[in-house]
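Presented below is the structure to which this report refers.
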Amino acid sequence: MPIIVQSDNSILLETNAPDFEAARDALVRFAELVKSPEYLHTYRLTPLSLWNAASAGLTADEIIRLLQTYSKYEIPQNVLVDVREHVGRYGRLQLLRSESSGAGLILRSKDPVLITEISRNPSLRPLIQKKIDRHTISLKPDARGAIKRALIKIGYPVEDLAGYEDGESLTISERTVTRSGRPFRLRPYQLDAVNAFWASGAASGGSGVLVLPCGAGKTVIGIGALRRVSQHTLVVATNIVALRQWRDELLDKTDIDADLIGEYSGELKQIRPVTLTTYQILTYRKKKNSDFLHMDLFNRGRWGLIIYDEVHLLPAPVFRAVADLQARRRLGLTATLVREDGKEDDVFSLIGPKKFDIPWKDLEKQGWIAQAVCTEIRLNLPEERRMAYAVADRKSKFRIASENPEKLRWVGKLIDRHRGDNILIIGQYLDQLEEIQRKVGAPIITGRTPNKEREQIYGDFKAGRQKRIIVSKVANFSVDLPDANVVIQVSGTFGSRQEEAQRLGRVLRPKPGDNQAHFYSLVTRETKDQDFAAKRQLFLTEQGYRYQIDVDGRGD
């Protein structure tokens, strides 16, 4: 058996065991990956991982059965108790509409002791109107988001069954043949994701997060949810390029009229039945401590649905606005729920729990995303830079190692190796990327590149007029480049797991022929660059990807 369950709620998974893949796919449903050295991965059972499992319909008995199926030894008794206790906490408190007052909110539990505890908690008391009876508390009308956020902080995730306000009606249908002339229908897993969110229109549906790999068609799933709700919809995307990709997909795959789609950006301020905006415009303000000029967009339309694309990037100011929007249906789309700021519980309580998750490797086996070969190429730091690295502070060490000039040589070697392929060269530091541009002559896209120029470069790449482009972190999210099949990562954002996942995602759209893609990460060995690379790779390791290690080309 491949796993060892320990009394501290950690789980060790042996990668060479016969049932390794099956055990890994089971663990990802209810545990978090902590570290992944070559032979022994470490997972941990956490309250949030178990609450997400419970919200997706997994019971404590099912989790325990899966642990017992793959465990080499008897599971410690305290772990069994913890699993039952944490899973049992989800749904012990329910948020409902008051039967006597349609606008009022009540908190209800079958456990009168829990209701007493909640009613006397100092952090919750400002949100409570009164205790109605042994099982019921009346809440202040505007407390829906705040009470959910506060309850999860004290370990009681509430099940929100208070329902939603309807928005303006919108008639929209999916096409069977796209405007570009291709047959179209939702794939089986995409339909499953929409159904998990919608839940037949019940109060238990209508809010939550759908987790799928890049390239799996999250925008199409969003369109499916929009059609199912059929009400005015606000879509919040990561940037203006992603915003316009949403517009193009809506026009291509539905019968919506172009005049019904509005762009609310730095360039246009249109509010239409389907309005597309960005996190950047919502959080714009003229001065650091002044008001956000456009946050009222959330209340300027009768939205029946708000879609948060790449929801793991939701900025803190938007969280505060989302807390006041709990009566609107909310859909979060993401490839990973990992947040580097640790606010996963805010996504859970304010957008909704994880309603659907599918292992990346499952979609790869079914041919819906490309087979990706991940290779980490470890390079020595040149002798003349070792002393500067040795005396530098922690942050400077990382930059010195990240900008190792040996990486420039290897970019050239990999371009030669993949001469006929469509290559993205991605990095963190502009000086490094500009040096690569001088060497390889490819166009470069950074935060300073005007939107019109970006769209031209992306268009040339899609059309095959350009075989390679250089991009900074602006291309981490929501950039649709379906023909890209090679990524060369020269530097990254410290240990960002979400960034690594998104960068691999640039090449996961299905490919003709062998359906294979390559993801190269150039890393300076025995430095902070290597340390952070191991952390960045953690989420992808959890999804079943293994990095081949090539020490300065010896594996070539």
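The values are calculated or read from the model by the stated rules, or taken from the named source; none is laboratory data. Small disclaimer: the values here were computed from a predicted structure and weren't measured. Note that each Cβ is placed from the backbone with ideal geometry, even for glycine, and that neighbours are counted across all protein chains shown. We work out accessible area using only protein heavy atoms, side chains counted, and drop any ligands, DNA or RNA first. Shrake-Rupley method; radii C 1.70, N 1.55, O 1.52, S 1.80 Å.
For the range 78-110, a residue qualifies if it is part of a helix (DSSP H, G or I), among the hydrophobic types (A, V, I, L, M, F, W, C) and open to solvent by 40 Å² or more (accessible area, probe 1.4 Å), and exactly one does: VAL81. Would you mind stating whether ILE351 is in contact with a strand residue (DSSP E or B) (Cβ under 9 Å, 6 or more places away or on another chain) and open to solvent by less than 20 Å² (accessible area, probe 1.4 Å)? Judged against the criteria, ILE351 is a match.
Cβ-Cβ contacts under 7 Å between residues 6 or more apart (or on different chains), taken from a first residue in the range 384-403 that is without any contact (Cβ under 8 Å) to a residue 12 or more places away in the chain to a second residue that is assigned to a helix (DSSP H, G or I) and surrounded by 15 or more Cβ atoms within 10 Å (Cβ to Cβ), are listed as ALA392/ILE400. Restricted to the range 323-348, and to residues that are surrounded by fewer than 23 Cβ atoms within 10 Å (Cβ to Cβ), closer than 22 Å to GLY155 by Cα and of a type in the set (A, V, I, L, M), which residue is nearest to the chain's Cα centre (by Cα)? Filtering first and then ranking leaves LEU337.
Kindly establish whether LYS148 is basic (Lys, Arg), open to solvent by 30 Å² or more (accessible area, probe 1.4 Å) and at pLDDT 90 or above. When the stated conditions are applied, LYS148 does not pass them.
Considering the range 111-141 alone, what residues qualify as being of a type in the set (A, V, I, L, M), part of a helix (DSSP H, G or I) and open to solvent by less than 30 Å² (accessible area, probe 1.4 Å)?
LEU114, ILE115, ILE118
Among the residues of the range 135-158, just one is free of Cβ contacts under 8 Å to residues at least 40 places away in the same chain and hydroxyl-bearing (Ser, Thr, Tyr), namely THR136.
The residues in the range 180-203 that are within 26 Å of LEU96 (Cβ to Cβ) and surrounded by fewer than 16 Cβ atoms within 10 Å (Cβ to Cβ) can be counted, and the count is 4. Of all residue pairs spaced 6 or more apart or on separate chains, those with beta-carbon atoms under 6 Å, a first member in the range 290-303 that is under 15 Å from GLN231 (Cα atoms) and a second member that is open to solvent by less than 70 Å² (accessible area, probe 1.4 Å) and assigned to a helix (DSSP H, G or I) are PHE298/ALA321.
Given the range 387-492, what strands (runs of 3 or more DSSP E) lie entirely inside it while holding 3 or more residues that are surrounded by fewer than 19 Cβ atoms within 10 Å (Cβ to Cβ)?
none
Residues that are among the hydroxyl-bearing types (Ser, Thr, Tyr) and within 24 Å of the chain's Cα centre (by Cα) within the range 441-455 comprise just one, THR446. Residue pairs whose Cβ atoms lie under 8 Å apart, separated by 6 or more positions or on different chains, with the first residue in the range 313-334 and within 23 Å of ASP357 (Cα to Cα) and of a type in the set (Lys, Arg) and the second in a loop (DSSP other than H, G, I, E, B) and open to solvent by 20 Å² or more (accessible area, probe 1.4 Å), are ARG328/TYR164; ARG328/GLU165; ARG329/TYR164.
Restricting attention to the range 438-456, which residues are small (Gly, Ala, Ser) and either touching a strand residue (DSSP E or B) at 6+ places or on another chain (Cβ under 6 Å) or on the phi > 0 side of the Ramachandran plot (or both)?
GLY441, ALA442
It is to be established whether one or more residues within the range 159-171 are open to solvent by 10 Å² or more (accessible area, probe 1.4 Å), on the phi < 0 side of the Ramachandran plot, free of Cβ contacts under 8 Å to residues at least 12 places away in the same chain and not in a loop (DSSP other than H, G, I, E, B). No, that holds for no residue. Within the option set ASP550, ASP529, being assigned to a strand (DSSP E or B), of a type in the set (Asp, Glu) and either open to solvent by less than 20 Å² (accessible area, probe 1.4 Å) or at pLDDT 85 or above (or both) holds for one residue only, ASP550. Within the range 413-436, the set of residues being over 27 Å from ILE400 (Cβ atoms), touching a strand residue (DSSP E or B) at 6+ places or on another chain (Cβ under 8 Å) and not acidic (Asp, Glu) comprises HIS418, ASN422.
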